[in-house]
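Where a number appears in this text, it was derived from the coordinates with a stated rule and is not lab data. Quantities reported herein were computed from a predicted structural model and do not represent experimental measurements. Neighbour counts run over all protein chains shown; Cβ positions are idealised from the backbone, glycine included.
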């Protein structure tokens, strides 16, 4: 059985909700839903969330090129198109399977949450 490795980013929610930023199990890495409130703009939040995701993947021995699945969660689907240029910059050559879902997020200042699964087989 492969070793399970927990990756932390130091965010306050990790301890409060009892989760890890990412979990590495063998050749797989699942990165939890990642948000940002560094800007009120959805595209800027997406870019900051993806930078956090990239750092978690790197800590686990993965890269963004290993991403095979991405999920975008937005309270308002009208914000999604604004994020497309950022998503193309991060995933343009990678082309992971993707889903966008409308749902409430834990903080109204959050305009997008992103989670990924990576595989390095």
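Descriptive notes on the structure:
- Listed residues 22, 48, 97, most fluctuating in the chain (Gaussian network, C-alpha, under 10 Å): 97
- Normalised by the number of residues in the chain, the average gap of Cα pairs under 8 Å and 6 or more apart makes the relative contact order 33 percent.
- In the chain, helical runs assigned H by DSSP with n ≥ 4 each contribute -39500 (n - 2.57); averaged across all residues and rounded to the nearest 500, the mean residue ellipticity at 222 nm is -9000 deg cm²/dmol.
- Efficiency of FRET between residue 16 and residue 101 - r from beta-carbon atoms, R0 25 angstrom, step 0.05: 0.60
- Global geometry of the stretch 8-97, whether rounded, prolate or oblate, following the gyration tensor of its Cα atoms and the 1.5 cut on a/c: oblate
- DSSP bridge orientation in the stretch 4-119 - percent antiparallel, rounded to nearest 5: 75 percent
- Between the helical axis of 42-59 and the longest alpha-carbon principal axis of the chain there is an angle of about 10 degrees.
- Inter-probe distance in nm under a simple model that places probes 7 Å from Cα toward Cβ, at residue 58 and residue 119: 2.5 nm
- Ranked 82, 115, 58, criterion: other C-beta atoms within 10 Å, fewest first: 58, 82, 115
- Our note on the geometry: Cα centres of the stretch 74-108 and the stretch 14-35, 19 Å apart.
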